[in-house]
Structure formats: structure tokens, C-alpha cells
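Contents: one structure, followed by commentary.
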Amino acid sequence: MRIDVVSIFPDYLAPLELSLIGKARQDGLLELNVHDLRDFTTDRHRTVDDTPYGGGAGMVMKPEPWAQSLAAVAADRPAEAAKPVLIVPSPAGERFTQATAHELAEEDRLVFACGRYEGIDERVMEWAAGHFTVRPVSLGDYVLNGGEVAVLAMVEAIGRLLPGVVGNPESLVEESHSDGLLEYPVYTKPSNWRDREVPAVLLSGNHGKIAQWRRHEQYRRTAERRPDLLEAFDAAKLPRADRTAFADLGYDVVDGYLVRRADAGGDSG
Ligand code: ADE
């Protein structure tokens with residue numbers, strides 16, 4: 001996969017030289033190029049922003065440096081290649097989830113446009129649709145100062161799904177969100193640490209019991225911390241023991257979906 005990032009703070013992306021993503025780049029599994037938006041300005045001050053039409057606080061990113069930089073990046077590909085995906089991090093975008101990461105990990109080329117200030121002139125998105133598949137994407141319902149931190153998060157989430165990047169691909173299967181649930185808790189040696197015991201089942205050597213305990217812990221955690229995830233959970237094929245586990249958590253299976261019982265206690269749901 002090739003990734004291009006356009007930013008006015010190229011140094012912000014330096015952490016992508018470290019750890020698994022850095023190694024993936026060294027190993028040739030991922031090509032990542034960072035471009036300075038100011039290199040595509042033409043004035044002495046290398047201006048990238050201006051005041052908003054209609055008034056209001058803050059500044060808006062000027063369209064022309066964006067068009068110049070993105071056109072240069074888009075042109076740098078074989079004639080027969082498909083349009084790259086242009087990801088524009090923004091709190092006004094669609095939500096970035098593990099499913100988005102999987103989808104984007106299938107692409108040959110991704111381009112990230114890091115906005116700052118109040119955002120990028122909207123006409124850039126219209127223009128860019130001629131050269132890219134444009135996707136405004138949000139990390140969550142909060143506001144960052146710019147797209148760079150969001151790009152660090154997204155490149156890590158996408159990059160670790162590329163074949164060969166994570167040493168043991170099984171660890172991708174058993175982690176949070178891979179099956180619409182949060183991950184079960186994990187423990188390592190010593191088995192007694194500061195008077196706290198590791199759950200006995202994990203020392204039992206009974207793999208069936210361990211798998212069931214882990215699944216039920218996933219249910220418990222998800223019900224407690226992210227009950228919203230359970231609304232979409234496909235409960236149609238749950239074995240009886242799992243239905244019982246959900247019943248204990250206050251959920252019934254109705255038409256294949258989990259429904260919180262009206263009389264269930266606690267504050268989740
Ligand atoms: N830029 C500013 N806030 C953001 C957010 N929540 N997600 C993605 N990009 C952003």
C-alpha cells in the first residue's frame with residue numbers, strides 16, 4: 001500500500017517512522033510519503049489560510065494550495081490505476097471504525113489531507129472528487145486542532161491490518177471490535193500479584209472452559225462499557241450458555257437481537 005499525507009506540519013507525522021508502522025515501511029510493506037502543503041503555495045509568505053466568507057471566528061484553508069498538492073499526488077500514479085481514496089479527517093466526517101480500517105486496508109493508495117484552523121474551503125472536496133474517492137472521516141465526537149493526530153491513529157489502525165505487518169495475525173482476530181464486542185481481560189505471570197489472583201479458570205488448562213469464560217467476559221464488559229454495541233450484535237446463533245450469560249446481564253434474545261429487559265438493574269442501556 002502507498003499512503004501520502006499532506007499537512008502544514010509534516011514533523012507531526014514523524015511517529016510513523018517508529019514501531020510496527022516504521023518497520024512495515026522499512027520492510028517495503030507500506031510506502032508512506034509526507035508532503036508540506038506550504039511547498040504548493042506561490043506567495044512569499046507561503047500562505048495557506050484566509051478569513052471566512054460570511055464572517056465568523058478563525059481562518060479557513062485556501063483552496064489553491066490544496067488543489068496543487070493533491071493534483072501532484074494524484075498525478076503520481078500509473079495511467080490505468082484506480083482513483084486513490086482521499087481521506088479528509090474532520091469532526092464533521094463519517095465515523096472511523098474498525099470496519100472502516102478493514103475497508104481502507106484493501107485499497108492500493110490512500111491520501112490524507114490534514115486540515116487545520118476552521119477547515120478546508122469546501123470547494124476543494126468537490127474538485128477533488130474528479131481525482132479521488134473523497135471520504136471525510138471523524139475519529140469521534142470531539143474536536144482536535146487538526147487532522148494530523150487523526151491520521152496517526154488511522155494509519156496505525158489501517159497499517160496493522162496489512163499482510164505481514166503484525167507478526168502473529170491471530171492477535172488481529174481476538175481483539176476488541178473484531179467481532180463487534182470489546183476484548184476480554186488478559187493476565188500474565190505472576191498468578192498472584194499483590195494479593196490479587198488470576199481467575200482460576202485461566203490456570204485450569206481446560207481450553208473449552210477458558211474460551212467460554214473469555215466470551216462471557218466480552219459480553220459483561222461490552223454490556224457495562226459499550227451497551228450501544230450490543231444493539232447490533234447478532235445473537236441468533238448464541239448457544240444456550242451464552243443466552244444465560246446475557247440473561248444474567250439483563251438481556252433477552254428477541255428476533256435474533258439482544259434486548260435489555262425493562263426490569264434489568266444497573267445503569268447500562
Ligand atoms: N480534526 C479535528 N477533529 C477531528 C476528529 N474528531 N476526527 C478527525 N479529524 C479531526
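The values are calculated or read from the model by the stated rules, or taken from the named source; none is laboratory data. All of these numbers come straight from a predicted model, not from anything done at the bench. FYI the Cβ positions are ideal-geometry reconstructions off the backbone, even for glycines, and counts take in every protein chain you see. Side chains included, ligands, DNA and RNA excluded: accessible areas come from the protein's heavy atoms. Shrake-Rupley method; radii C 1.70, N 1.55, O 1.52, S 1.80 Å.
For segment 126-144, the set of residues classified as under 14 Å from Val85 (Cα atoms), within 12 Å of the ligand (Cβ to nearest atom) and open to solvent by 40 Å² or more (accessible area, probe 1.4 Å) consists of Arg135, Pro136, listed by residue number. Checking each residue in segment 224-266 for being aliphatic (A, V, I, L, M) and over 21 Å from Gln212 (Cβ atoms) picks out Ala232, Val254, Val259, Ala262, Ala264.
The number of residues in segment 242-262 that are at pLDDT 95 or above, open to solvent by 40 Å² or more (accessible area, probe 1.4 Å) and aliphatic (A, V, I, L, M) comes to 4.
In the set Leu30, Leu37, Leu104, only one residue is surrounded by 19 or more Cβ atoms within 10 Å (Cβ to Cβ), of a type outside the set (D, E, K, R), within 16 Å of the ligand (Cβ to nearest atom) and within 19 Å of the chain's Cα centre (by Cα); that residue is Leu104. Would you say Ala223 is among the small types (Gly, Ala, Ser), modelled with pLDDT of 95 or more, crowded, with 16+ Cβ neighbours inside 10 Å and within 29 Å of Thr100 (Cβ to Cβ)? For Ala223, the condition - among the small types (Gly, Ala, Ser), modelled with pLDDT of 95 or more, crowded, with 16+ Cβ neighbours inside 10 Å and within 29 Å of Thr100 (Cβ to Cβ) - is met. Inspection of segment 95-108 identifies no residue that is in contact with a helix residue (DSSP H, G or I) (Cβ under 8 Å, 6 or more places away or on another chain), in a strand (DSSP E or B) and modelled with pLDDT of 95 or more.
Can you confirm whether segment 80-90 contains a residue that is over 17 Å from Glu148 (Cα atoms), open to solvent by 50 Å² or more (accessible area, probe 1.4 Å) and touching an Asp or Glu at 6+ places or on another chain (Cβ under 9 Å)? Yes: one or more hits. Only one of the numbered conditions (1) open to solvent by less than 80 Å² (accessible area, probe 1.4 Å); (2) assigned to a loop (DSSP other than H, G, I, E, B); (3) on the phi < 0 side of the Ramachandran plot; (4) in contact with a helix residue (DSSP H, G or I) (Cβ under 7 Å, 6 or more places away or on another chain) is not met by Tyr187, and that is (1). Per the listing Arg123, Arg160, the residue uniquely closer than 23 Å to Tyr12 by Cα, away from the ligand (no atom under 16 Å from the Cβ), open to solvent by 50 Å² or more (accessible area, probe 1.4 Å) and out of contact with any His (no Cβ under 9 Å at 6 or more places or on another chain) is Arg160.
The rows are residues; the columns are (1) modelled with pLDDT of 95 or more; (2) among the basic types (Lys, Arg); (3) not in a helix (DSSP H, G or I).
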residue	(1), (2), (3)
Tyr53	yes, no, yes
Trp66	yes, no, no
Ala72	yes, no, no
Arg77	no, yes, yes
Ile87	yes, no, yes
Glu126	yes, no, no
Val137	yes, no, yes
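Within the span defined as segment 145-155, one or more residues are part of a loop (DSSP other than H, G, I, E, B), within 16 Å of the ligand (Cβ to nearest atom) and either in contact (Cβ under 8 Å) with a residue 24 or more places away in the chain or small (Gly, Ala, Ser) (or both).
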